[in-house]
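Below is one structure; the comments refer to it alone.
The values are calculated or read from the model by the stated rules, or taken from the named source; none is laboratory data. Computed from a predicted structure; not experimentally measured. Here the Cβ is made from the backbone with ideal geometry for all residues, glycine too, and neighbour counts use every protein chain on show. To get the accessible areas, we keep the full protein, side chains included, count just its heavy atoms, and leave off ligands, DNA and RNA. Shrake-Rupley method; radii C 1.70, N 1.55, O 1.52, S 1.80 Å.
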Amino acid sequence: MKFLLFVGFLSAVYFLFFKKKSLTPPSSDTSSEEAMIPCVKCGTYVQVKESFMREGKYYCSRECLES
């Protein structure tokens, strides 16, 4: 019985401290946010998450969006 408790304790320590947290690849949403796209107005490439969008078109700044 003591042997089983010892093995259980060692297993718990291993899983808590040494096992990698996640082996799954990042979701496709993350990679699409990191994609670089050109601004419709000036052609400057900008990340999707930093761009401005209006009517399905991407802009690099408010100036390009409003002009």
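Scanning region 29-57 for residues that are open to solvent by 40 Å² or more (accessible area, probe 1.4 Å), at pLDDT 90 or above and among the polar types (S, T, N, Q) gives T44, Q47. Of all residues in region 58-67, those that are open to solvent by 70 Å² or more (accessible area, probe 1.4 Å) and modelled with pLDDT of 90 or more total 3. Out of all the residues in region 13-22, is one or more in contact with a helix residue (DSSP H, G or I) (Cβ under 9 Å, 6 or more places away or on another chain) and either of a type in the set (F, W, Y) or modelled with pLDDT under 90 (or both)? Looking through region 13-22, none of the residues is in contact with a helix residue (DSSP H, G or I) (Cβ under 9 Å, 6 or more places away or on another chain) and either of a type in the set (F, W, Y) or modelled with pLDDT under 90 (or both).
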